[in-house]
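Taking it in order: structure first as structure tokens, then the write-up.
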Amino acid sequence: MKKATSHGDRGRSKPNPLDPKVQERIGRQLRAYYDDVVNQPMPQHLIDLIEQMDGAEDKK
Amino acid sequence: MTVSASLRKDLLEQIPNLRAFAHSLCGNGDEADDLVQETLMRAWANIASFREGTNLRAWLFTILRNAFYSSRRRRRNETSDYDGQAADRLVVLPSQDRHMDLEDFRKALARLPEEQREALILIGASGFSYEEAAGICGCATGTVKSRVSRARRRLAELLSMEEGGDFGPSSAAETVGEPAVTGDLAVHLRK
């Protein structure tokens, strides 16, 4: 039987594996957090910066 | 230095991911976008050292991470409590209509040591392999693995999930889908 201590297991001994359901839930929240930023519109100045890389400025 | 049209398109496609990684590192929207800008400038200046066909995303993430830590070192010399300030900013992100779940998660994430946070993001959100993440962070694959596992464990503690089992009714987060290509991006890619 697994001892339900969450305290004091940060020492040398190998901790119990994380409950797969917990791991899955963390994964979901992590992606929700990340995708929240990914799905934001891109700032125009960053798009402009990449467009400048075509070298058009040099030819002027 | 001129960058080919196809490479410019690839760079553009990476912006959303670079912003998300930058956010997770500095937690402040403006600072994150400054960091992405700095990353693109550095990439442009060093574009000759990038071989087309190799992993552009990993290359850019490496540049971004280096840029973050070098600006971080500069600031640390200026203010002694930079860590504390950064953690505060991560917590007070503007949020009107965010789920409490997401807000709690953001706060918990902010409390992780930086090295654990970046490892977790690279593996769990950006979709890099352990080997790629190790390359980006300049450490051994095993180190990334243990950082990710410590990060998950710490998050479980912070979010009181460690008991396992009952989380209540399933959350809306389950419906999170694939990141869509945003309108802006789609438009620009067609140009």
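The values are calculated or read from the model by the stated rules, or taken from the named source; none is laboratory data. Everything quoted here is computed from the prediction, not taken from an experiment. Backbone-built Cβ (ideal geometry, glycine too); neighbour counts: all protein chains shown.
Residues of the stretch B:1-39 being at pLDDT 95 or above, among the aliphatic types (A, V, I, L, M) and closer than 19 Å to B:R117 by Cα, which ones?
B:L18, B:A20, B:A22, B:L35, B:V36
Which condition number does B:R42 fail, the rest of (1) surrounded by 15 or more Cβ atoms within 10 Å (Cβ to Cβ); (2) at the interface with chain A (Cβ under 9 Å from one of its Cβ atoms); (3) modelled with pLDDT of 95 or more being met?
Failing condition for B:R42: (2).
Please go through the stretch B:135-149 and give me each residue that is touching a Phe, Trp or Tyr at 6+ places or on another chain (Cβ under 9 Å) and among the small types (G, A, S), ordered by number.
Listed by number, the residues that qualify are B:G135, B:G142.
For B:V36, are the conditions met, namely being within 14 Å of chain A (Cβ to nearest Cβ) and in contact with a Lys or Arg (Cβ under 9 Å, 6 or more places away or on another chain)?
yes
Taking helices (runs of 4 or more DSSP H) that do not extend beyond the stretch B:118-191, which have at least 2 residues that are modelled with pLDDT under 95 and within 12 Å of chain A (Cβ to nearest Cβ)?
Helices (runs of 4 or more DSSP H) meeting the threshold: B:141-158, B:183-190.
If I ask for residues that are of a type in the set (S, T, N, Q) and in contact (Cβ under 8 Å) with a residue 24 or more places away in the chain, which ones from the stretch B:10-40 would you list?
B:Q14, B:N17, B:S24, B:N28, B:T39
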